[in-house]
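The values are calculated or read from the model by the stated rules, or taken from the named source; none is laboratory data. All values derive from a computational prediction rather than experimental measurement. In this analysis, Cβ positions are derived from the backbone assuming ideal geometry, glycine residues included, and neighbour counts consider all displayed protein chains. Calculation scope for accessible area: heavy atoms of the full protein, side chains included, ligands and nucleic acids excluded. Shrake-Rupley method; radii C 1.70, N 1.55, O 1.52, S 1.80 Å.
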Amino acid sequence: MCTGTDDDLIDDSLSADDETSPCTYLCGNSLGLQPKRTAARIQQYLETWGTQGVQGHFKPLDDSPLPTWLDADARAAKLMAPLVGADESEVAVQQTLTANLHLLMNAFYHPDINGRHKIILEAKAFPSDHFAVLSQIYHHGLSPKTSMVTLESPYSEDSLPSTYDIQSIISKHASDTALLLLPGIQYYTGQFFDIPTITAFARSHGIFVIWDLAHAVGNVPLSLHDWDVDAAAWCTYKYLNGGPGCIGGMFINERNSLVTTAITDEEPERGYGKRLSGWWGNDKATRFKMETRFHPVKGAAGFQLSNPSILDITSLSASLEVFELAGGVPVLREKSKKLTPFLETCLAAMPEAAKKLFRIITPKDPDQRGAQLSLLLADGLLHGVMEGLTERGVIVDERKPDVIRVAPAPLYNTFADCVAFVEAFESALLSASKV
């Protein structure tokens, strides 16, 4: 079982390799644990499908709390909106993270080879973000040599670009940059970027801003609407505990999703931008009339394509209910600001023989990080340390060649988990250094 979790909220049946020993799980930044209510909600979904068949789209079970399948995505968006600081009309639950990034870039990246055509992203962006940017540039017949700008700090040995560094790159390339794509929290270092300041600066230079919030949503408070963010996308299987490969989410500021031309039977397909259109983005009032004219749903929902996986949405919504019960991200953030520094203090209290074998590369300022510490190990220790931690029933994440990421998720991790990790980490470090 997994030690230190909240027995009322999160499944505590996770085990170490021998399936009997307790396990300390600090890997919610890669895959969140399963909420206890997930199994119940999935069973309720199966009962609807098993007893209603296609009528499940329109007819809820009398004794089930689940919405009809036709409304499941709207309910999930309503539950998600407070976690990202948005109006529910600005949120859509659909597709997956990279697919949503492509949809956003298709709608809002319109390069003019004689004017704005560059995309700025960080040099150590998550590979899928890098791949998406490359393919968008190639799709428009451009070259990454001239249309892709990668930013990094010239001053930080740990690849921690400051807000000033980012603003400097924006200023340098402002005249011909069309799009800025950055992570809310950098996956490798755990750095929490200053989203409102960077957004305002880029927008003041006429640059459209998209944020990848894969490691931020459910981790740190977000106010995407008030920060005037243009658009964002995220996955839901990390801090949101939706399950492996679960459905993703998307934010589109209300000013970017308006249908500006009245839709009529004579001329229905104007005034909603260059978005890709699909069956589930069509207005519910006309969706089942089976007409071939596109009438988009208002807001972010109008960017949806196929009907979403109700199995995925059911699993995700179960976890979003838990966030609601827990008081939301601001409450969890208060715990996180105690839990992560406690882990840092425990690491600092280790004997010198162990401390000299690693250092923390995540920012020390609690406001510049989420529920994660990234530990850079001495050369050649990663494999041995990871083996040692696994043998001691501790689950964390590795990033080759030399980093382990430790994520005390405030929804279910405890101070005892931090102590258990540090004790196991010390032993694993010292053992690996002697090999």
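When Met1 is tested against the conditions (1) modelled with pLDDT under 95; (2) closer than 30 Å to Asp73 by Cβ; (3) not basic (Lys, Arg), the lone failure is (2).
For region 405-425, the condition of being over 29 Å from the mean Cα position of the chain (by Cα), surrounded by fewer than 20 Cβ atoms within 10 Å (Cβ to Cβ) and either modelled with pLDDT of 95 or more or in a helix (DSSP H, G or I) (or both) holds for at least one residue. Scanning region 361-380 for residues that are touching a Ser or Thr at 6+ places or on another chain (Cβ under 7 Å) and hydrophobic (A, V, I, L, M, F, W, C), we see that the one that is surrounded by the fewest Cβ atoms within 10 Å (Cβ to Cβ) is Ile361. Do we find a residue being part of a loop (DSSP other than H, G, I, E, B), open to solvent by 10 Å² or more (accessible area, probe 1.4 Å), free of Cβ contacts under 8 Å to residues at least 24 places away in the same chain and not polar (S, T, N, Q) anywhere in region 144-156? Yes, region 144-156 contains at least one residue that is part of a loop (DSSP other than H, G, I, E, B), open to solvent by 10 Å² or more (accessible area, probe 1.4 Å), free of Cβ contacts under 8 Å to residues at least 24 places away in the same chain and not polar (S, T, N, Q).
Selection of region 304-357 for residues being among the aliphatic types (A, V, I, L, M) and under 19 Å from Val422 (Cα atoms) yields Leu339, Leu343, Leu347, Ala348, Ala349, Met350, Ala353, Ala354, Leu357. Checking each residue in region 383-395 for being over 21 Å from the mean Cα position of the chain (by Cα) and open to solvent by 10 Å² or more (accessible area, probe 1.4 Å) picks out His383, Gly384, Met386, Glu387, Thr390, Glu391, Arg392. Of the residues making up region 288-314, those that are farther than 17 Å from Gln95 by Cα and either hydrophobic (A, V, I, L, M, F, W, C) or under 19 Å from the mean Cα position of the chain (by Cα) (or both) are Phe288, Met290, Phe294.
Checking each residue in region 318-330 for being in a helix (DSSP H, G or I) and within 19 Å of the chain's Cα centre (by Cα) picks out Ala318, Ser319, Leu320, Glu321, Val322, Phe323, Glu324, Val329, Pro330. Restricting attention to region 82-127, the residues that are under 27 Å from Arg399 (Cα atoms), open to solvent by 20 Å² or more (accessible area, probe 1.4 Å) and touching a residue at least 12 places away in the same chain (Cβ under 8 Å) total 9.
If you check Gln186, Gln167 for being surrounded by 21 or more Cβ atoms within 10 Å (Cβ to Cβ), touching a residue at least 24 places away in the same chain (Cβ under 8 Å) and either aliphatic (A, V, I, L, M) or farther than 18 Å from Ala77 by Cα (or both), only one passes: Gln186.
Per-residue answers, yes or no, for (1) in a helix (DSSP H, G or I); (2) farther than 18 Å from Leu258 by Cα:
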{"site": "Ser277", "(1), (2)": "no, no"}
{"site": "Trp280", "(1), (2)": "yes, no"}
{"site": "Lys289", "(1), (2)": "no, yes"}
{"site": "Asp312", "(1), (2)": "yes, yes"}
{"site": "Leu316", "(1), (2)": "yes, yes"}
